[in-house]
Amino acid sequence: MTRLASRFGAANSIRRDRPLTTEELFRTVPSVFSEEKHDSRSERYTYIPTITLLDSLQKEGFYPFFACQTRVRDVSRREHTKHMLRLRRHDQITGIQVPEIILLNSHDGSSSYQMLPGLFRAVCSNGLVCGDTFGEVRVPHKGDVVGKVIEGAYEVLETFDTVAEKREQMQSLMLPPPAQQALAQAALTYRFGEEHQPITEEQVLQPRRWEDKKDDLWTVYQRLQENLIKGGLSGRNAKGKRARTRSVNGIDGDIKLNKALWVMTEKMYENLRCWYCTYS
């Protein structure tokens, strides 16, 4: 599986509560505007222009509100390196549950082109990636791919109704405490491994605001996602010393963990629905 990205810092990312301007994008993520592939790429490598895709998505009403690119030591790769854009409709900036398109690409071979559906939750700035079950478009930089990429954008747009339906289903399913504990344990194991987990299930299930005190599956999923991604929870390391959990600051880790949590939550929904159908 191709890795999505490495770490990025404040100078390499930008987020606004409005569409980003061309100037803001160019200043922060110049690799989006690259007009050719990096010199290290062979003749077989097909250049997929991010800026062309961005223009097409803007014509469909989707605009970037978040952008980042990876840090590089080789200055020659700064205008070609791996980058990520999150786009949403310009009239949904203040929406509570906002569908978005997540676009990843590079022009130096560090990433395949990828486009995924997601949801932006304005109340806590959570960017939720809808996992492996539907909607993902992945295109290698080989052959005649530009047409496939544009077509893939429309495929992602068509999944938003399905995403909304999944959200409503999860909101309608109440999660009993044992099921919450099981989901939390699975999430902690994925995030930290089996040998040592610095925090408990109770900690990672704690809501950070009153809106998240409900016990439906969707809200529990939101709590887990925010606590694991943002970190900052007090716990103990493998040596028993006090420590706080780290936030997930890389494109790789963000996308991978988000997708895994989505898949876990979907499986929990299917299992509980089958149980309720059997015993109701």
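The ranking of LEU103, LEU183 from fewest to most other beta carbons within 10 Å of each one's beta carbon is LEU183, LEU103. In square nanometres, what is the average projected area of the Cα convex hull of the stretch 172-279? Answer in nm², one decimal: 7.2. Shown here for the stretch 214-280: trypsin sites (Lys or Arg not before Pro) in loop regions (DSSP other than H, G, I, E, B) with at most 16 other Cβ atoms within 10 Å, namely LYS214, LYS239, LYS241, ARG246.
A straight chain from ASN249 to SER234 at 0.36 nm per residue would run longer than the Cα-Cα distance by 3.6 nm. Which of LYS82/LYS213; LYS214/LYS239; LYS82/LYS214; LYS59/LYS259; LYS166/LYS213 have a Cα-Cα distance over 32 Å? The answer is LYS82/LYS213; LYS214/LYS239; LYS82/LYS214. Within the stretch 180-242, report the GluC sites (Glu not before Pro) that DSSP leaves as loop and that have at most 10 other Cβ atoms within 10 Å. The qualifying sites are GLU194, GLU195.
Read the figures in this text as sums done on the coordinates, not as results from a lab. Note that this is a predicted model, so its numbers are computed, not measured. Please note: Cβ atoms are built from the backbone with ideal geometry, for glycine as well, and neighbour counts cover all protein chains shown.
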